[in-house]
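What follows is a single structure, written as structure tokens, with notes after it.
The values are calculated or read from the model by the stated rules, or taken from the named source; none is laboratory data. Since the model is a prediction, treat every value here as computed from it, not as a measurement. As a convention, Cβ positions derive from the backbone with ideal geometry for all residues, glycine included, and neighbour counts pool all protein chains shown. Ligands, DNA and RNA are stripped out before the accessible areas are found, and what is left, the full protein with its side chains, is counted by its heavy atoms. Shrake-Rupley method; radii C 1.70, N 1.55, O 1.52, S 1.80 Å.
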Amino acid sequence: MAMESPMDRFLGKRLEAYDEWLAKGLISYSSRVIPVAESFAPAQWVLPTAQALKIIEDARVVAVQDCECRRHYQRCDHPLEVCMLLNHVADKLAARGEARYLEVDEAEEILKQAHQSGLIHLSLYMPDHEIYALCSCCTCCCHELQIVKQYGRRDLMVRSEYVAVTNLEDCVLCGECLERCPFEARFLDGDCLICREDDCLGCGLCVTACPAGAVSMHLRKKT
């Protein structure tokens, strides 16, 4: 994939660290897409690893800080205080005064507001494969999503276990899901909606955007 422009130093430092960790076998990937809870029927809550709130509930302590990427790039007006830190990383940054502790109910509210703003929940991993943070990200600022979209490094991000599927009989061709999809996995071809499942990372944002209820999350077929 051809690069659109030279990589800036902010992204370059991240990618250099990821490639070093990959080469040493310290990580298998840097992040994982977590589908929003609102996109699931109650019976589909059986996979807690795919639920942002479950990760928060299982943590010993949680702290929140401003999203480093949005603070750096300042390209949008999405919520800033959305980067949640877990356990020892939370303790470390809270002790420095760089983050503040929060309870599960406040964390849940932050996740809901982030979803309403169209942000994608990502879990971030340390070299020992431990989840250390859960951030709600945008494609214009997030270092993870920029590296994936601009530089084709999908090897660094794991898709969620789900894929968005549209019932074309119920689809009203309003285009709401197209605007909501951060990965450009959907487009209109005349009067037909085309969905590219390989480009869908399973965030679930399109589901709650559909006024006709035509989109739902299905378990991704194993290949």
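Sketch the reach of a paramagnetic label on Phe10 as a point 7 Å from Cα along Cα-to-Cβ, and name the residues of the stretch 141-179 whose backbone nitrogen lies under 13 Å away.
Within reach of a label on Phe10, which here means backbone N under 13 Å from a point 7 Å along Cα→Cβ, the stretch 141-179 contributes 141-147.
In Å², and per residue, what accessible area does the stretch 172-223 have when probed at 1.4 Å with the other protein chains present?
Accessible area per residue: 58 Å².
Beyond a 24 Å Cα-Cα separation, which of these cross-linked pairs lie in this structure: Lys112/Lys222; Lys13/Lys149; Lys112/Lys221?
In this structure, Lys112/Lys222; Lys112/Lys221 lie more than 24 Å apart at Cα.
Residues of the stretch 195-223 with backbone nitrogen within less than 18 Å of a virtual label 7 Å along the Cα-to-Cβ line of Gln116, please, listed as ranges.
The answer is 205-211.
I'd like the Karplus ³J(HN,Hα) series for the stretch 137-150: coefficients 6.51, -1.76, 1.60, θ = phi - 60°, whole numbers in Hz, and an x wherever there's a Gly or Pro.
Those phi angles translate into 10, 10, 6, 7, 10, 4, 5, 5, 6, 5, 5, 5, 7, 7 Hz.
Taking H as built 1.01 Å from N, whose amide H comes closer than 5 Å to the amide H of Leu173, not counting residues under 5 places away?
none
Residue by residue through the stretch 88-102, which ³J(HN,Hα) values in whole Hz follow from phi under the Karplus form 6.51 cos²θ - 1.76 cosθ + 1.60 (θ = phi - 60°), with glycine and proline marked x?
Once rounded to whole Hz, the list reads 5, 5, 4, 4, 5, 6, 5, 5, 7, x, 9, 8, 10, 5, 8.
Stick to Cα atoms and the Kirkwood definition of Rh, then tell me Rg/Rh for the stretch 51-134.
0.94
Could you point to the residue in Leu178, Ile147, Ser160 farthest towards the positive end of the stretch 124-179's charge dipole, with +1 and -1 charges on the Cβ of Lys/Arg and Asp/Glu respectively?
Most positive-ward Cα: Ile147.
Through the Karplus equation 6.51 cos²θ - 1.76 cosθ + 1.60, θ set to phi - 60°, convert the phi angles of the stretch 110-117 into ³J(HN,Hα) values in whole Hz; use x for Gly and Pro.
The phi angles translate into 4, 5, 5, 5, 5, 5, 4, 7 Hz.
Taking amide H positions as placed 1.01 Å from N in the peptide plane, with prolines and chain starts having none, which residues 5 or more places from His121, or on another chain, fall under 5 Å of its amide H?
Residues meeting the amide H criterion: Ile34, Cys137.
Could you list which residues have their amide H under 5 Å from that of Arg153, counting only those 5 or more apart in sequence or on another chain, with H placed in the peptide plane?
For Arg153, the qualifying residues are Val148.
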